[in-house]
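Enquirer: One structure, pasted below without further comment.
The values are calculated or read from the model by the stated rules, or taken from the named source; none is laboratory data. As the structure is a prediction and not an experimental result, all values here were calculated from the model. Cβ placement follows ideal geometry from the backbone for every residue including glycine, while neighbour counts extend to all protein chains displayed.
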Amino acid sequence: MAFDTLESSRDSGAPIALFEFSSAGKTWRYTSDSVPTVALGTTFDPIPITYDRIILTAGADRRTTNITTTWGCGLAKHLLEEDVPWATTVKVYRAHSGDAEAVLVFTGIVENAQFGGGQMRLACATIGQGTPVPAQRQAYTQFCPWRVYGPNCRLDVLAALQTATANGITGLDVNMQPGWQGSKAKSDFVHGMFVLPVLPTWKHAFILKIDETNDVITISWPLSISPGQEVKVAPGCDKTAETCRDRFNNLQNYGGLLQDPSTGLPPFGG
């Protein structure tokens with residue numbers, strides 16, 4: 001039976017929710033049904049999971065919801081890892097038990113995870129949404145306090161990663177194959193992400209500095225890299241509004257002060 005028919009039926013419909021979470025190249029799919037759900041060309045695993053009413057706030061440009069589930073699931077174990085730098089994206093679908101069709105009702109990122117009483121509660125919000133007004137920013141802070149690709153930054157690191165080739169590593173210095181930066185400037189990657197896309201868990205480090213002349217990237221901790229190995233790199237951020245705007249087109253989520261509330265002018269004489 002078609003989704004629209006089930007949705008409008010008083011007797012035949014059996015509403016369920018489907019959840020798809022993605023982070024660091026891994027995906028977790030869950031269903032609120034009591035049995036595995038086959039929909040959207042894949043299988044969703046049954047676990048106790050629900051979501052709250054989706055709320056529109058800040059002039060209807062931001063949608064939020066809370067998702068509650070058990071903290072024994074694979075997603076919870078991932079989020080409990082120390083210093084997970086990846087934003088976790090989430091999609092919520094409405095479907096009906098026994099029907100392969102599903103309708104997307106929410107897409108966003110996990111902004112916060114709380115654990116207690118055997119449960120995990122996730123605060124989720126739409127991606128790339130925010131209201132750029134001084135009252136929502138760090139008071140009198142010129143530079144952005146958010147970690148690039150973190151929950152408040154809202155940039156999708158998976159979309160930002162680009163493939164390159166490493167020629168090996170000496171200590172913390174990774175020798176890169178020329179042209180690794182693609183169409184971007186090499187300096188754009190300082191304070192960015194360096195990733196080894198190997199499963200089951202991607203390995204990552206932060207880019208501390210770049211020797212542009214010799215194509216050497218210095219990373220934050222050692223990784224095992226073989227000559228000719230495929231790696232991924234993502235641009236970094238110097239926390240200025242100009243970089244947020246020009247490099248990432250993400251000024252709506254900039255965490256620093258764009259203007260002094262008392263004067264309406266750029267802060268600190270900027």
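Enquirer: How about the range 21-45: which of its residues are more than 30 Å from Met193 (Cα to Cα), part of a strand (DSSP E or B) and either touching a Leu at 6+ places or on another chain (Cβ under 7 Å) or polar (S, T, N, Q) (or both)?
Expert: Thr31, Thr37, Ala39, Thr42, Thr43, Phe44
Enquirer: In the range 192-220, which residues are within 18 Å of Gly236 (Cβ to Cβ), at pLDDT 90 or above and not in a strand (DSSP E or B)?
Expert: Matches in the range 192-220: Gly192, Glu212, Asp215.
Enquirer: While we're looking at this one, here's another question. Restricting attention to the range 145-156, does a residue exist that is among the aromatic types (Phe, Trp, Tyr), at pLDDT below 95, surrounded by fewer than 16 Cβ atoms within 10 Å (Cβ to Cβ) and in contact with a Pro (Cβ under 8 Å, 6 or more places away or on another chain)?
Expert: For the range 145-156, residues among the aromatic types (Phe, Trp, Tyr), at pLDDT below 95, surrounded by fewer than 16 Cβ atoms within 10 Å (Cβ to Cβ) and in contact with a Pro (Cβ under 8 Å, 6 or more places away or on another chain): absent.
Enquirer: Of all residues in the range 149-172, how many are part of a loop (DSSP other than H, G, I, E, B) and farther than 19 Å from Thr126 by Cβ?
Expert: Residues flagged as part of a loop (DSSP other than H, G, I, E, B) and farther than 19 Å from Thr126 by Cβ within the range 149-172 amount to 3.
Enquirer: If you go through the range 225-240, how many residues are surrounded by fewer than 19 Cβ atoms within 10 Å (Cβ to Cβ) and either outside any loop (DSSP other than H, G, I, E, B) or free of Cβ contacts under 8 Å to residues at least 24 places away in the same chain (or both)?
Expert: Number satisfying all stated conditions: 2.
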